[in-house]
Amino acid sequence: FNNGLIDVIIGGKTILEHAQGPFAMTSNTPISFKGVKRKGIQASYDGQMEVLLNPTKTGLNVVNSLDMNTYLKGVVPNEMPIYFGLEALKAQAVAARNYANRENKFKNTYDICDSVSCQVYFGANTKHELSNRAVDETESIYVLYDLEPALTLYHSTAGGITEDWEKVQVEFEVITAQM
């Protein structure tokens with residue numbers, strides 16, 4: 001990105017030069033962007049990448065368009081340690097699915113951000129077999145309230161203060177929905 005124009009270079013070969021965008025890229029293999037790292041390694045992403053000028057025209061928005069399960073496979077192992085086990089990862093997958101399906105403030109440019117401000121999505125190279133299984137085994141499972149996806153907030157740290165589980169009374173019914 002230079003002076004409001006975009007160059008695309010793949011394997012040292014210039015594919016697109018001085019474009020204004022927007023444009024989309026697809027590949028049979030994960031797509032990486034020079035200098036974008038997650039967990040200290042080069043980030044890579046499945047699905048389609050849409051590249052467009054951000055609303056201030058001072059930089060780019062790169063939007064990863066992909067199906068829900070592929071997205072969740074890049075979220076769950078980054079929101080919860082794998083060693084918490086399959087059942088905990090399943091709960092995380094359902095909570096993350098609910099969160100991703102709720103309306104948010106980013107609708108005018110993208111659906112959800114990839115950081116702790118939304119859900120930590122680090123893409124294709126952070127997937128793990130156990131968290132992938134958790135996502136697959138909970139496919140199409142949502143927590144509903146008044147037949148809408150419930151707001152299932154979660155956090156990675158509590159500062160040592162949370163409510164005792166015995167004081168929380170929740171009634172719920174598991175419904176598998178095709179959304």
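The values are calculated or read from the model by the stated rules, or taken from the named source; none is laboratory data. Predicted model, so just to flag it, every value in this text is computed and none were measured. Neighbour counts are summed over all protein chains in view; Cβ atoms, including those assigned to glycine, are modelled from backbone coordinates with ideal geometry. For the accessible areas, the whole protein counts, side chains as well, though only heavy atoms, and no ligand, DNA or RNA atoms are used. Shrake-Rupley method; radii C 1.70, N 1.55, O 1.52, S 1.80 Å.
Taking N132 as the residue in question, decide whether it is part of a helix (DSSP H, G or I), closer than 16 Å to M68 by Cβ, out of contact with any His (no Cβ under 7 Å at 6 or more places or on another chain) and open to solvent by less than 70 Å² (accessible area, probe 1.4 Å). The answer is yes for N132.
Scanning segment 13-62 for residues being open to solvent by 70 Å² or more (accessible area, probe 1.4 Å) and of a type in the set (A, V, I, L, M, F, W, C) gives a total of 2.
Candidates E173, E139, E166, E79: the one that is more than 30 Å from N54 (Cα to Cα) and either aliphatic (A, V, I, L, M) or modelled with pLDDT of 85 or more (or both) is E139.
Looking across N64, N69, one residue alone is within 23 Å of L151 (Cβ to Cβ) and under 11 Å from the mean Cα position of the chain (by Cα). It is N69.
Output the number of residues of segment 37-56 satisfying the condition of being farther than 16 Å from D7 by Cα and either part of a strand (DSSP E or B) or of a type outside the set (S, T, N, Q) (or both). Going through segment 37-56 one residue at a time, the tally reaches 13.
If you check S27, S32, which single one turns out to be assigned to a strand (DSSP E or B) and of a type in the set (S, T, N, Q)? First the steps, then the outcome.
Values: S27 fails: assigned to a strand (DSSP E or B).
Only one candidate qualifies: S32.
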